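Read the structure below first, then the notes.
The values are calculated or read from the model by the stated rules, or taken from the named source; none is laboratory data. This is a predicted model, so every value here is computed, not measured. Neighbour counts are summed over all protein chains in view; Cβ atoms, including those assigned to glycine, are modelled from backbone coordinates with ideal geometry. Note: areas computed on protein heavy atoms with side chains; ligands, DNA, RNA excluded. Shrake-Rupley method; radii C 1.70, N 1.55, O 1.52, S 1.80 Å.
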Amino acid sequence: MIAIAATFWASLLAISYAYVGYPAILWLVSRFGKFREMNGAGQDTHLPFVTMIVSAFNEEKVIGEKIENTLSLDYPSELLEIVVVSDGSSDRTGRIALEFANRGVVLRHYEGRIGKTACLNRTLPLTAGGIIVFSDANSTYEKGALRALVRPFQDSTVGFVTGWTRYGSSEDISTADSLGLYSKLELITKDLESRLGSCIGADGAIFAIRKELYLPLKDHDINDFVIPLSINLQGYRGVLQREAICFEQDAGSSKGEFYRQVRITNRTIRAIVNYRQLLNPFKFGVFSLELFSHKVCKFLVPPFMVALFVTNLLLAERGGVFLLALIAQGIFYLVASASALVSRTGLLSRIAEAARTFVVVNAAIALAWIKYFQGETYTTWSPTKR
């Protein structure tokens, strides 16, 4: 029973560290340790030439709006190149993009559904900007987002900068949906990581890199995670720029979002395995600890959840803390299951939604591991139904 109890406490500690302990340690270091100055502060003393790459597959419903939004950003038009990358689109995406050719928009169309990453490999050498911004057809940038996104590059140690996405109206940040607990915690964690060393990964709808740091990727690589890892490997760091905001309409079904999470996690696991040398703390120091804590620990939570529940069942007959823990687990999963029945407002709703999100996210991670061991690579993607 000693081994079972040890497994119980180890599982509880591992889960707690992944979601609470690691952000808490970052916060404590920020309070009592020496952090970097806030990234992106100061004036726009130099505006670089920027290429924005908009990845699209059959996005005729939104591509025109996306191009208009990009053209309207608070950034000098003579310093901005817009490239629409069409991955075998069979609808009017390409024709709509060509309607903006007289306003400087470039279309790169590739036949055969080769995948977003393969398209980027072919497109990057043809771009003119020293800073490359990656975006999606369904994301709308806040007017000052581009200026904010390039500002941290005034620091020569910065190799990539990520913004963040809010879901809701694109007219005004105040009208967008508030962030859920999970998303808010992720944002805070990236912010603290940025000031300690380098944030882990980027938001695929709004992130930028120094062009000279781009190295060709494998077709199955997840670009918004592998590109940052590649840049970290070259000795540069990444930062979160909280002033760089884009918006997306809250789209699709819960089922679609679940399988999107499975796909992203599967590809992220593969990337970590391929870049496992970055987990060596003797060579990469703080960054390796950030990568391990932010990603690896979270991806190991599902088996720890199973171990926690099973060992708790075996130990419940002892009563005391073990019985209370089992009751707490039962209540937690019951609340998560009943979240759809709870009113959309109030504290109880937020607690139920947080519980549901935790369970769904970890179910997606578990399925992603299964897909990984089955050899699934998810090279291509499809647009979200709107």
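Does residue 287 satisfy the criteria of being among the aromatic types (Phe, Trp, Tyr), in contact with a Lys or Arg (Cβ under 8 Å, 6 or more places away or on another chain), assigned to a helix (DSSP H, G or I) and surrounded by 18 or more Cβ atoms within 10 Å (Cβ to Cβ)? Outline the logic, then answer.
On the way: among the aromatic types (Phe, Trp, Tyr): yes; in contact with a Lys or Arg (Cβ under 8 Å, 6 or more places away or on another chain): yes; assigned to a helix (DSSP H, G or I): yes; surrounded by 18 or more Cβ atoms within 10 Å (Cβ to Cβ): yes.
Here the answer is yes, as residue 287 does meet what is asked.
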Looking only at the stretch 59-99, and only at residues there that are of a type in the set (S, T, N, Q) and closer than 21 Å to residue 121 by Cβ, the one that is most open to solvent (accessible area, probe 1.4 Å): 89
Whichever residue in the stretch 182-203 is in contact with a Lys or Arg (Cβ under 7 Å, 6 or more places away or on another chain) and part of a helix (DSSP H, G or I) and, among such residues, is modelled with the lowest pLDDT: 195
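Yes/no matrix, rows are residues, columns are (1) among the hydroxyl-bearing types (Ser, Thr, Tyr); (2) more than 25 Å from residue 140 (Cβ to Cβ); (3) in contact with a Ser or Thr (Cβ under 6 Å, 6 or more places away or on another chain):
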position: 208; (1), (2), (3): no, no, no
position: 212; (1), (2), (3): no, yes, no
position: 217; (1), (2), (3): no, yes, yes
position: 233; (1), (2), (3): no, yes, no
position: 242; (1), (2), (3): no, no, no
position: 247; (1), (2), (3): no, no, yes
position: 256; (1), (2), (3): no, no, no
Qualifying residue in the stretch 125-137 (condition: without any contact (Cβ under 8 Å) to a residue 40 or more places away in the chain and either part of a loop (DSSP other than H, G, I, E, B) or touching a Cys at 6+ places or on another chain (Cβ under 6 Å) (or both)): no
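Say we look at the stretch 239-278 and pick out the residues that are polar (S, T, N, Q) and within 26 Å of residue 356 (Cβ to Cβ); which of these is surrounded by the most Cβ atoms within 10 Å (Cβ to Cβ)? Working first, answer last.
First, pick out the residues of the stretch 239-278 that are polar (S, T, N, Q): 241, 249, 253-254, 261, 265-266, 268, 274, 277.
Filter once more, so that each one left must be within 26 Å of residue 356 (Cβ to Cβ): 249, 253-254, 261, 265-266, 268.
Numbers: 249: 15, 253: 10, 254: 10, 261: 17, 265: 23, 266: 25, 268: 23.
Across the stretch 239-278, the extreme among qualifying residues is 266.
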Residues that are out of contact with any strand residue (DSSP E or B) (no Cβ under 7 Å at 6 or more places or on another chain) and basic (Lys, Arg), drawn from the stretch 116-150: 143, 147
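Somewhere in the stretch 217-230, is a residue assigned to a helix (DSSP H, G or I) and more than 15 Å from residue 264 (Cβ to Cβ)?
Filtering the stretch 217-230 down to residues assigned to a helix (DSSP H, G or I) leaves 223-230.
Filter again for more than 15 Å from residue 264 (Cβ to Cβ), leaving 230.
There is at least one residue in the stretch 217-230 that is assigned to a helix (DSSP H, G or I) and more than 15 Å from residue 264 (Cβ to Cβ).
Against the definition (within 30 Å of residue 194 (Cβ to Cβ), at pLDDT below 95 and open to solvent by less than 80 Å² (accessible area, probe 1.4 Å)), how does residue 338 come out, yes or no?
Values: within 30 Å of residue 194 (Cβ to Cβ): no; at pLDDT below 95: yes; open to solvent by less than 80 Å² (accessible area, probe 1.4 Å): yes.
In short, no.
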Lone qualifier among 150, 106, 161 - being open to solvent by less than 60 Å² (accessible area, probe 1.4 Å), within 24 Å of residue 74 (Cα to Cα), modelled with pLDDT of 95 or more and part of a helix (DSSP H, G or I): 150
